[in-house]
Amino acid sequence: MRLLVPALAATLPLGALLSCKPEAAAAPAGAAATGADAGAAAAVAVVEPAADPIESVVRVNTTRQAWNPSQPWEKLKPRNRRSLGAIVGPGQVLTTAEMVADHTYIELESPDGKKLAPGRLLAVDYEANLALLGLEDPEADAGFFDRLDPLELGDPVGIGSELEIIQVEDSGVPLVTTGTVQQVDILADFLPGEYFLTYEVKASMQSAASSFSLPALHDGRLAGVVTSYDSDDQICNVLATEIVNRFVEEAVGGGYRGVATLGIAVTPTDDQHFRRWLKIPDDAGGIYISSLLKEGSAEKAGVRKGDVLLSVAGHDIDRLGYYEHEIYGRLYWSHLVRGSRTAGDEVALVVLRDGEKHEINAVLERREASDQLVPKYTYGSAPNYLVKGGLVFQELTRPLLRSFGDEWESRAPLDLLDALENPEKYEDRADRIVFLSGVIATPATIGYEPLRNLVVEEVNGRPIRDMADLVDAFATVPDDGLHSIRFAKEDFTVHLDELVSTQVDTQLLQRGLTRLSRVPEEMGGE
Amino acid sequence: MPRIVLFLLASLLPLAAQTAPIGAPSDVYRSVVRIEAAVQVPDYSTPWNSGRFGGGIGSGFLIGENRFLTNAHVVSNARRLLITIHGSSKKYPAKVEFIAHDCDLALLSVEDFSDFEDFPTFEFDGVPELESQVRVIGYPVGGERLSVTRGVVSRIDYSTYSHSRADQHLVVQIDAAINPGNSGGPVLQDNKVIGVAFQGLRSADDTGYIIPIPVVQRFLKDIEDGRYDHYADLSISTFPLYNPAMREALQLPDNDRGVLVTGVVPEGTCDGVLEPGDILFGIDGNPVDSAGQIVIDGARIDLNEIVERKFKGDTVELRYLSDGTWHDREVTLKTLPQNQMYAIQYEKQPRYIVFAGLVFQPLDTNLFATAKFEDINVRRLYQDYLPEGLFTEREDIVILTRIESDPINSALRGFRGLAVDKINGTEVRSLAHAHELLHPAEMPEFFVIECFGAGRPLILPGDEIAEANERVQRTYSIDQLSNLEE
């Protein structure tokens, strides 16, 4: 796993990543986010709380509701979550992005449970798994933060340091668990492929209170945020100080720029034959650049596929992709991009090409999930779709693929997986993969019931680049009143009668479909 | 998809001790024989090894002078076949004359037929009526001697023949309790054969499937010229045309006629004749309805039934509409060997190359079932091989299936289970071609092997190969480093 951290994660397909993943690598320990009920470990290291921490935390209660993957006009059953946020600025509370993903309601609650106030999302980074919350109506709830003081941001801590993890029982009694930083590594704790500097802290936490999205302190200052807890190994994953600090410093001032990417996928060069073939000198390290994100920072700067990356920002990269960090020791190179810099920063690279060294300066850019052919997450935005005469069209997203079940990587339809794994094959002709996700049996769809998971290429002769295109294409009714829908790969055209499908659509609305389509322009922003 | 069980009685099954006495068999029962098969099944995960030895019991019956009919799966991969008859313990060595894996039938002969000379031979009848009674005769699990059960014909339908997994033909479903060991036995009505017992459903009791006579007779006719040619195929895909808007757009009257052609396999029977978008209206004078069905003998059935009853080289008359023009064309039926990509293979030696510990094998259903490839590129190549005509460029999809540990390949990670695209810059067309590319006249400094979906090329130093091959051969007891013939 350590060899794999892709700075490119933003668009790099899973398959491509796997190819540079060592076979023997273990699954990330405790990577699964643990819910409030998961930490069933015996409490041993609970010490009497200092008076301070409880005055710098608030409870965060959220209601989360995801969209229904098969019926995109409606949401699934709401779920509640409860955690503890750290006050990091005037009226500003830090928690994980996981707490607010797909939220419909945020509530802040004083630790003693006496004060409650609706909250608002000020900034969020789903990749780094951090979110900043404030009050929905600071005037109405002006007294909420009285007698609560912001925590100071700490300095990075090294291996062996002690962290205090703060919990508050339902009774309002604070619990402080002390643990030791055993290891510092780059982990992807929330979104797959999004690796960030994480402290692995040995601590036995109480199951009584929620065991993730908790503040971790060092010397009374904020050292990180607990993103997950593995009760079997008694290891807490704590998002490291510098990741938290950078997010807070930028987000508190407003105008959060987000984590940047270099846009490369790499593979190690520890194979001697491979090194000889690449003409890498024996005393050099270096990692092989196996693919580049189209229009990404590295590609724009002139990096090529097949280059060997020797150094990043003045740090030599070894054969497995590690460099020597002043505090943490051996650390994977991606931290130099993902963890230490933001969008707009310049980073100096040295690459080896045909045995010669080249110095390249790349300007780091942020790659939004929404800019991807198949967005890797869709939090904060409602799915785009169109229902026409009973045909249900959607834009392909990674969460939609995941809805094919735990084994989605082998069970989801090949054509759809292919778009995720090999986006470069599709990017010239589409901005999104618009596909027929299902067919509601109606008078307009007689004989079409078996059709599903087919990528739409053209409607009424018009190429389809995204959902807005599809809606537009159907808005122009051909002279004969018959729409034609052409699917990619399948060599045939399906027709839909405008009159019949309009009648059908009216009935569908009467039967409880809230609306027939959603396209980006109409999206409620957050 | 229901689980289908083949009624081959594996020899490892415990035989029940109790045997109920049966009355004197009618004369015809003498001609139902017990077939004992000793088999050797190749192991696709270690293709250089001998494979697994085992055996099984099935049934068969005499249909002519030294002609015993049975199921292909009873005698597949057989190394020794013995036939015994009811009421005798003598074992007669037999051999396979013809075997058809696509319709699960085989014809055997014994070395010495003299003892069978005065045995009655079975006659064939047609497809039985629904609800009519039938008798299943054979040597199923539960005893050593002949067994007879009765059942009723409950369904006549097209269904999958699980022996090859890829073929669908007519089957007759009966409710008789037929069991492992019944495979290959005759199913009788009025002492005439109306089918061959062959498979059942794991999820349902008392459901047996039999191969009806049209399929049997087709097999017997196919082998008249001394070899079995396989089923021929139109090699097209179709989409039903019963949506009113669809019919209106194609300017078809609302008369329930015609099916849309959506795919034509390159080099198949209809390649160069039909095109996607054509509408097929008739086959050999039979009108095709909007679901792609025709009426034969008063029953509505898939239009492929016309082709099912014909042979390679026969012609079929197609009536179709293409770009508004009517065509009547005769096509000559072809068998497409590439179809075998999707059928389980028997009687074949797995092909492979071992090179510096890297094991290369051609993709087929046997390999897929053994290795369970997850790589999307491999799955895509497998799926598109026939319909997209990939076989025209790559006769074999060559897979790097294993890497046997050796110092030369110890740093190779993540390549296992990927499909090979190029070797030293040349696209790999087949396993034999890969073998050529890996054994050039002049040893290159490096072998550069590019796989679909790999992050980097796989590099092997030319000057260390010979030593590594020798080491791997010794360490892993691999007698032959390659087998390029099936």
By residue number, the members of segment B:50-76 that are surrounded by 15 or more Cβ atoms within 10 Å (Cβ to Cβ) and either free of Cβ contacts under 8 Å to residues at least 40 places away in the same chain or not assigned by TED's automatic domain parsing to the domain that holds residue B:212 (or both) are B:51
Picked from segment A:272-295 (must be crowded, with 24+ Cβ neighbours inside 10 Å and part of a loop (DSSP other than H, G, I, E, B)), the residue farthest from the other protein chains (Cβ to nearest Cβ) is A:293
For segment A:487-526 the number of residues that are surrounded by fewer than 19 Cβ atoms within 10 Å (Cβ to Cβ), modelled with pLDDT of 90 or more and more than 28 Å from residue A:381 (Cα to Cα) is 3
Checked A:70, A:56 against criteria (of a type in the set (Gly, Ala, Ser) and more than 23 Å from the chain's Cα centre (by Cα)); the one match is A:56
Heads up, the strands (runs of 3 or more DSSP E) in segment B:164-267 (entirely inside) with at least 3 residues that are within 14 Å of chain A (Cβ to nearest Cβ) and open to solvent by less than 20 Å² (accessible area, probe 1.4 Å) are B:259-264
Filtering segment A:109-151 down to residues that are open to solvent by 50 Å² or more (accessible area, probe 1.4 Å) and touching a helix residue (DSSP H, G or I) at 6+ places or on another chain (Cβ under 9 Å) yields A:112, A:122, A:147, A:149, A:150
Does segment A:482-497 include one or more residues that are touching a residue at least 12 places away in the same chain (Cβ under 8 Å), charged (D, E, K, R) and more than 20 Å from residue A:395 (Cβ to Cβ)? yes
Of the residues in segment A:296-321, those that are without any contact (Cβ under 8 Å) to a residue 24 or more places away in the chain and either more than 14 Å from chain B (Cβ to nearest Cβ) or part of a helix (DSSP H, G or I) (or both) number 1
Conditions (1) surrounded by 19 or more Cβ atoms within 10 Å (Cβ to Cβ); (2) touching a residue at least 40 places away in the same chain (Cβ under 8 Å); (3) part of a loop (DSSP other than H, G, I, E, B) -> residue B:405 fails only (1)
Of (1) in the same structural domain as residue A:428 (by TED's automatic domain parsing); (2) at pLDDT 95 or above, residue A:404 satisfies every one except (2)
When segment B:268-278 is checked residue by residue, the ones that are of a type in the set (Val, Ile, Thr) and within 11 Å of another protein chain (Cβ to nearest Cβ) are none
Of the listed residues (A:308, A:252), the one being in contact with a strand residue (DSSP E or B) (Cβ under 8 Å, 6 or more places away or on another chain), at pLDDT 95 or above and among the β-branched types (Val, Ile, Thr) is A:308
If you go through B:216, B:264, B:259, the only one that is in contact (Cβ under 8 Å) with a residue 12 or more places away in the chain and under 19 Å from the mean Cα position of the chain (by Cα) is B:216
- Task: Return a yes/no flag: does segment B:283-297 have any residue that is more than 23 Å from residue B:254 (Cβ to Cβ), free of Cβ contacts under 8 Å to residues at least 12 places away in the same chain and either of a type in the set (Val, Ile, Thr) or away from every other protein chain (no Cβ under 14 Å) (or both).
- Result: yes
> When you look at residue B:321, is it modelled with pLDDT of 95 or more and within 30 Å of residue A:499 (Cβ to Cβ), yes or no?
Replying inline: yes
For segment B:416-475, the count of residues that are outside any helix (DSSP H, G or I), among the small types (Gly, Ala, Ser) and open to solvent by less than 60 Å² (accessible area, probe 1.4 Å) equals 7
The number of residues in segment A:85-108 that are under 16 Å from residue A:222 (Cβ atoms) and open to solvent by less than 10 Å² (accessible area, probe 1.4 Å) is 8
Counting only strands (runs of 3 or more DSSP E) entirely within segment A:354-447, those with at least 2 residues that are over 16 Å from residue A:517 (Cβ atoms) and in contact (Cβ under 8 Å) with a residue 40 or more places away in the chain are A:356-363
Filter segment A:318-330 for residues that are under 26 Å from the mean Cα position of the chain (by Cα) and modelled with pLDDT of 95 or more; the one that is most open to solvent (accessible area, probe 1.4 Å) is A:320
Taking segment B:376-402 and keeping only residues that are acidic (Asp, Glu) and either within 10 Å of another protein chain (Cβ to nearest Cβ) or open to solvent by less than 20 Å² (accessible area, probe 1.4 Å) (or both), one is left with B:384, B:388, B:396
Residue hits (segment A:157-216; outside any strand (DSSP E or B), closer than 23 Å to residue A:342 by Cβ and of a type in the set (A, V, I, L, M, F, W, C)) are A:157, A:188, A:190, A:191
Residues in segment B:426-467 that are away from chain A (no Cβ under 11 Å) and small (Gly, Ala, Ser) total 5
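The values are calculated or read from the model by the stated rules, or taken from the named source; none is laboratory data. None of the values given here were measured: they were computed from a predicted structure. No Cβ is skipped: glycine too gets one built from the backbone with ideal geometry, and neighbour counts run over all protein chains shown. Ligands, DNA and RNA are stripped out before the accessible areas are found, and what is left, the full protein with its side chains, is counted by its heavy atoms. Shrake-Rupley method; radii C 1.70, N 1.55, O 1.52, S 1.80 Å.
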